[in-house]
Amino acid sequence: MRELKIVDALNEALHQGMEQNDKIIVLGEDVGKEGGVFRVTTGLQKKFGVERSVDTPLSEGGIIGSAIGLSINGFFPVCEIQFDGFIWPGFDHIINHVCRFRTRTRGRLTTPMVIRVPFGGGIHALEHHSESMEAVFSHIPGINVVIPSDPFSAKGLLLGALESKDPTIFLEPKKIYRAIKQEVPEEYYTIPLNKARIEREGSQVTIISYGAMLRETKKALAEFIKTNPIDFELIDLVSLSPIDYDTVIASAKKTGRILIVNEEPRTAGLAAEIAAVIQEKCLFDLQAPVIRVTGFDTIMPLLKNEDYYIPGIKRITKGLNQVLA
């Protein structure tokens, strides 16, 4: 065990995955010589050569389109999209081709790949650099959507995605790339792509979050319980598509009170979908309405103003008081 940051855990996963499977090819803007804009792909080109760590033109459509051709011909592409807001030129390929080839060809052709996307706000970047649009990806049938919340899950989830026979959108919360250090095994290990993680078991209230917002939620809970001792259950969703509803519903029936914390715009977001399913399946077990603490239905504001947009201790605490009241 060593303590790693998320960026280092992802880098180690890519190294180990490429060592184990010589069909894995990493491609993207600046992923080779520069090691990627966040340095997640550092050292790959030096170790595996320019044919397996490929610097591409500035074309997200070209990157994902090339990945489709590679994957249906037996390779396993790992695309890096430099920032979340840049992915949309390649979205046509994702929704019309990546997730449909298995059905379109009745299983003759498949498109296993990983599309890595630095994701979310919190780094005071410019427009198109801080998007939180996970509900859009989670709405697409035929593709996995996962997000780690710490270094241990980052390495295990990425290695799990590199073994999947289905395409995976791998969201990397950029706010915590280097904010968390955690013990991570040196050996190769995988984490299931379709299973939520219960961070803490409790009986009074269930809090559901994921990615960078899980860290903010933990901060808020640490402050809250100093003056309001509660027996809370904390769930890291991990998989945004498919959602592990078995874990979510079991927890909702146990505690009867649910708080959901995420960063994306509020309307038609994942929090709304989870709340709807809970109220369909657990209505008579609930002691209070499901409460959502989310981003706003606005464009992510620039620079430090994003601190008002992204849920923090004050807004999460307010949500806790609402659901407990």
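Checked against (1) of a type outside the set (A, V, I, L, M, F, W, C); (2) under 18 Å from the mean Cα position of the chain (by Cα); (3) buried (at least 20 other Cβ atoms within 10 Å of the Cβ); (4) not in a loop (DSSP other than H, G, I, E, B), G319 passes all but condition (2). Among the numbered conditions (1) at pLDDT below 95; (2) over 20 Å from T317 (Cβ atoms), tell me where P229 comes up short. Of (1) at pLDDT below 95; (2) over 20 Å from T317 (Cβ atoms), only one is false for P229: (2).
Here the condition is being under 16 Å from the mean Cα position of the chain (by Cα) and either in the same structural domain as L27 (by TED's automatic domain parsing) or hydroxyl-bearing (S, T, Y) (or both); of I81, I95, I123, it holds for I81 alone.
All conditions in (1) farther than 21 Å from L221 by Cα; (2) touching a residue at least 24 places away in the same chain (Cβ under 8 Å); (3) polar (S, T, N, Q) hold for T247, with the sole exception of (1). Figure legend. Inter-residue proximity from the range 284-297: first residues farther than 15 Å from L270 by Cβ and surrounded by fewer than 21 Cβ atoms within 10 Å (Cβ to Cβ), second residues among the hydrophobic types (A, V, I, L, M, F, W, C) and at pLDDT below 95, beta-carbon distance below 9 Å, spacing 6+ or different chains. Indicated pairs: A288/A325.
A quick yes/no check of all residues on (1) in a helix (DSSP H, G or I); (2) over 13 Å from the mean Cα position of the chain (by Cα); (3) assigned by TED's automatic domain parsing to the domain that holds F83:
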position	(1), (2), (3)
K155	yes, no, yes
L158	yes, no, yes
L171	no, no, yes
K175	yes, no, yes
T190	no, yes, no
I208	no, yes, no
K218	yes, yes, no
L221	yes, yes, no
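Taking the range 4-34 as the range and being over 21 Å from the mean Cα position of the chain (by Cα) and not hydrophobic (A, V, I, L, M, F, W, C) as the test, the residues that pass are E19, Q20, N21, D22, K23, D30, G32, K33, E34. The set of residues from the range 278-325 being at pLDDT below 95 and among the polar types (S, T, N, Q) comprises T298, N305. Scanning the range 18-39 for residues that are among the hydrophobic types (A, V, I, L, M, F, W, C) and in a helix (DSSP H, G or I) yields a count of 1.
Residue check: is L27 buried (at least 16 other Cβ atoms within 10 Å of the Cβ), touching a Cys at 6+ places or on another chain (Cβ under 7 Å) and in the same structural domain as Y177 (by TED's automatic domain parsing)? It is true that L27 is buried (at least 16 other Cβ atoms within 10 Å of the Cβ), touching a Cys at 6+ places or on another chain (Cβ under 7 Å) and in the same structural domain as Y177 (by TED's automatic domain parsing).
If you filter the range 98-114 down to residues that are surrounded by fewer than 22 Cβ atoms within 10 Å (Cβ to Cβ) and assigned to a helix (DSSP H, G or I), you find that the one that is farthest from the chain's Cα centre (by Cα) is R104.
Only a single item in (1) in a helix (DSSP H, G or I); (2) touching a strand residue (DSSP E or B) at 6+ places or on another chain (Cβ under 6 Å); (3) under 29 Å from T298 (Cβ atoms) is not met by A135, and it is number (2).
Applying the condition of being of a type in the set (A, V, I, L, M, F, W, C) and assigned to a loop (DSSP other than H, G, I, E, B) to the range 40-81 and asking which residue is farthest from I123 (Cα to Cα) yields F75. Just one of G36, G74, G62, G69 is within 26 Å of I176 (Cα to Cα) and not aromatic (F, W, Y); which is it? Answer to the check: G36. Scanning the range 35-51 for residues that are over 21 Å from the mean Cα position of the chain (by Cα) and among the basic types (K, R) yields K46, K47. Summed over the range 202-257, the residues that are among the acidic types (D, E) and either touching a Leu at 6+ places or on another chain (Cβ under 9 Å) or buried (at least 18 other Cβ atoms within 10 Å of the Cβ) (or both) give a count of 4. When each of V117, V145 is tested for being in a strand (DSSP E or B), under 12 Å from the mean Cα position of the chain (by Cα) and without any contact (Cβ under 8 Å) to a residue 60 or more places away in the chain, the lone residue that passes is V117.
The values are calculated or read from the model by the stated rules, or taken from the named source; none is laboratory data. All figures in this text were calculated on a predicted structure; none of them were measured in a lab. Heads up, the Cβs are rebuilt from the backbone with ideal geometry, glycines too, and the neighbour counts pull from every protein chain shown.
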